[in-house]
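The values are calculated or read from the model by the stated rules, or taken from the named source; none is laboratory data. These numbers come from a predicted model, not from an experiment. Here the Cβ is made from the backbone with ideal geometry for all residues, glycine too, and neighbour counts use every protein chain on show.
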Amino acid sequence: MSHHPTQHHPTQHHPTQHPTHHPTHHPTQHPPRRAALCALLAVVLTLTGLAATSLAAAPRADAAPATMRPAANLFQWTWNSIASECTTVLGPAGYGFVQTSPPNEHVVLAGQWWTSYQPVSYKIESKLGTRAEYKAMIDTCRAAGVSVIADVVVNHMSGQTSGTGWAGTVFTEEHYPGPEGGYGPQDFHSCRTNISSYNDRWQVQNCRLVNLQDLDTGAEYVRQEIANYLNDLISLGVRGFRVDASKHIAATDLEAIKAKLTDQSVYVEHEVIAGAGEPIQPSEYLGSGDSNEFTWSRTLKSVFQSGNLSSLAGLKDQSWLLPTDRAAVFVDNHDTERNGETLSYKNTTDYRLANVFQLSYPYGWPTVYSGYAFSTNDAGPPQQGSGEVDDAVCGQGTWTCAHRWNETAHMVGFRNTVGTAALTNVWSDGGRLAYGRGDKGYVVINRDGSALQRTFQTSLPAGRYCDVISGAATSGGCSGTVVTVASGGAATFTVPANGAVALHVGQLAGGTGSPTPSPTPTPTTASQVSFGVNATTVWGQNVFVVGDRPELGGWAPANAVPLSSATYPVWRASVTLPAGTVVQYKYVRKESNGAVTWESGANRTVTVPASGVLTLTDTWRS
């Protein structure tokens, strides 16, 4: 290879854009110590259907997406900026995760965004910050109740023949010195040509993607080096990985690498861009994590741009989508916003409404993408002459800060409140779609160019609700529109043209903790759950429980239920809840100065008994 790739990042290429002929030099020899493994792997991977069937049924060790709070992908944000955003925006809004750009040392070129995806070493040192800053960010975000997911590049190294990385590592083609044992020519696949046919599984997973030097992930040494890198990130506190270019790595290789991780509970999602009829599909990768569902994103673009939303009501039931508990979804990401495969911030109204839909609809685990405005696809974020990226400043410059919009931040609160509640009271009419989420939320999306005024039947308790798209609850009412739900659940909505209205039981006029009771309430039964957690504390600290029910504060730490230390180190309190309901909750620790620390991990769940008291004794997750 004599030049750097002209198409730089693997995931910005849709398979159909590649030629269909075989490369002019198709390698037929492998290094002797890997020949047997490669031959066996080729046989195994031809059994695509069998592999997909068995992996789809594989048990998961991490949290199920249905119980996880949404993530924000702060693309090309510095570690210091993310730390600040966790405290001031992400934690308070209810985001459970933040995805960072790759933290590894990378090539140094002309400031393009894609240099982050050309590793030089696995040192945690990049244009976005230092190792110490990455660790400080993780700790700060965790204290705000937000876990960190790292975007990791393990399929390849750089596309350059030589150079010096951001942290000073000198490299040449297929020679990368560290920081562990480093890589030499024997650690790369023997195919030195670029992939020319995406219908050829062997090429896709053994040849170079636009000149990027392709690691032999079937080799034990390479697997261990990659696992060492991921374990280093885990030691810093990372709680999940988005694996870049998983499609270009055999699924069995990724399972072997995952097995080497020191913490099997970390969340893993794979980037697998599947084209129709191609041999490699996302379902193959479910043995080591979830997969990104690109078909979901493409469908949202098609439907919202057509203006006919009726087909969205049954989208979750389509057989051509991954199962909802294995799908990591997004409206767009850093590749698709550039190649036009999905909607992006440039699509304004359609983009905002698609985010409302994704965060309110019961399918997959959603990530909200937030990057920066660009005029050329290679353009990097605002940066210094050295290439060091500037801290993000919302409301100034080019940062979109899409994760702060009401259509995203407030809808994160909506999703956290409705939890796994079923889709109910569905209504559609061309460009207009409405549906409820059990008795916890209701949303109306109007893609038409004229306002919609209509009375809808909801399952919400009676009360005065704040529309979270136009505002939020205040001490005296709502900063936006108020919608009144009658005793039978009927409510009249006025939805602006190309707009939406969304209500949920966590946002009531005046900030009350529960809806105004109906004059003729339906009799219900209630039981008690005795929440208990074994948690050691220091003087001045107290422990609380918070959850998705109004009785548990509606995920607001300020309204969390205090636990008694009478049986320390077990903190305990009993809460009366509706019998038979499934409740999500977590424990938080509050300092004497009011600072809040959330326990780590996924939301806990409990089913309220039909009668009596259910006693829980959990252990604090640090």
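For the reader, a short list of remarks on this structure follows.
- When segment 181-197 is filtered for residues that are assigned to a strand (DSSP E or B), out of contact with any Cys (no Cβ under 7 Å at 6 or more places or on another chain) and more than 21 Å from Ala227 (Cβ to Cβ), nothing remains.
- Verdict on Leu236 being in the same structural domain as Ser121 (by TED's automatic domain parsing) and free of Cβ contacts under 8 Å to residues at least 40 places away in the same chain: no
Conditions (1) closer than 20 Å to Phe75 by Cα; (2) hydrophobic (A, V, I, L, M, F, W, C); (3) outside any helix (DSSP H, G or I), marked per residue:
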site: Ala132; (1), (2), (3): yes, yes, no
site: Asp151; (1), (2), (3): yes, no, yes
site: Trp166; (1), (2), (3): yes, yes, yes
site: Pro179; (1), (2), (3): no, no, yes
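- If you go through segment 468-507 and pick out every residue that is closer than 16 Å to Phe414 by Cβ, modelled with pLDDT of 95 or more and outside any loop (DSSP other than H, G, I, E, B), you end up with 11.
- Selection of segment 217-250 for residues being among the small types (Gly, Ala, Ser) and more than 22 Å from Gln99 (Cβ to Cβ) yields Gly218, Ala219, Ala250.
- Qualifying residue in segment 172-179 (condition: in contact (Cβ under 8 Å) with a residue 24 or more places away in the chain, closer than 30 Å to Ala274 by Cβ, in the same structural domain as Ile273 (by TED's automatic domain parsing) and surrounded by fewer than 24 Cβ atoms within 10 Å (Cβ to Cβ)): yes
- Cross-chain or 6+ apart pairs with Cβ under 6 Å, segment 377-406 first and within 13 Å of Thr115 (Cα to Cα), then buried (at least 17 other Cβ atoms within 10 Å of the Cβ) and among the polar types (S, T, N, Q): Asp378/Gln112; Gly380/Gln112; Pro381/Gln76; Val389/Thr78
- The set of residues from segment 457-466 being crowded, with 20+ Cβ neighbours inside 10 Å and not in a loop (DSSP other than H, G, I, E, B) comprises Gly463, Tyr465, Cys466.
- Of all residues making up segment 190-226, the number that are under 20 Å from Val152 (Cβ atoms), touching a residue at least 24 places away in the same chain (Cβ under 8 Å) and not β-branched (Val, Ile, Thr): 14
- Positions within segment 558-580 being surrounded by fewer than 19 Cβ atoms within 10 Å (Cβ to Cβ) and farther than 21 Å from Gly145 by Cβ, in sequence order: Ser564, Ser565, Ala566, Thr567, Tyr568, Pro569, Val570, Ser574, Thr576, Pro578, Ala579, Gly580
- Test result for Asp332, in contact with a helix residue (DSSP H, G or I) (Cβ under 6 Å, 6 or more places away or on another chain) and under 14 Å from Glu407 (Cβ atoms): no
- When segment 181-201 is filtered for residues that are touching a strand residue (DSSP E or B) at 6+ places or on another chain (Cβ under 8 Å) and either surrounded by fewer than 17 Cβ atoms within 10 Å (Cβ to Cβ) or β-branched (Val, Ile, Thr) (or both), the ones remaining, listed by number, are Gly182, Gly184, Pro185, Thr193, Ile195.
Conditions tested, residue by residue: (1) at pLDDT below 90; (2) farther than 30 Å from Cys466 by Cβ.
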residue	(1), (2)
Val529	no, no
Ala558	yes, no
Pro562	yes, no
Ala566	yes, yes
Thr581	yes, no
Gly601	yes, yes
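- Of the residues making up segment 558-572, those that are within 18 Å of Thr537 (Cα to Cα) and not polar (S, T, N, Q) are Ala560, Val561, Pro562, Leu563, Ala566, Tyr568, Pro569, Val570, Trp571, Arg572.
- Applying the condition of being in contact with a Lys or Arg (Cβ under 7 Å, 6 or more places away or on another chain) and surrounded by fewer than 23 Cβ atoms within 10 Å (Cβ to Cβ) to segment 493-504 and asking which residue is nearest to Ala556 (Cα to Cα) yields Phe493.
- Unmet criterion (only one of (1) modelled with pLDDT under 90; (2) surrounded by 20 or more Cβ atoms within 10 Å (Cβ to Cβ); (3) over 24 Å from the mean Cα position of the chain (by Cα)) for Val545: (1)
- Selection within segment 583-622 - aliphatic (A, V, I, L, M) and more than 19 Å from Arg415 (Cβ to Cβ): Val588, Ala595, Val596, Val606, Val608, Ala610, Val613, Leu614, Leu616
- Just so you know, in segment 202-226 the residues that are part of a helix (DSSP H, G or I) and over 28 Å from the mean Cα position of the chain (by Cα) include one that is surrounded by the fewest Cβ atoms within 10 Å (Cβ to Cβ), and it is Glu220.
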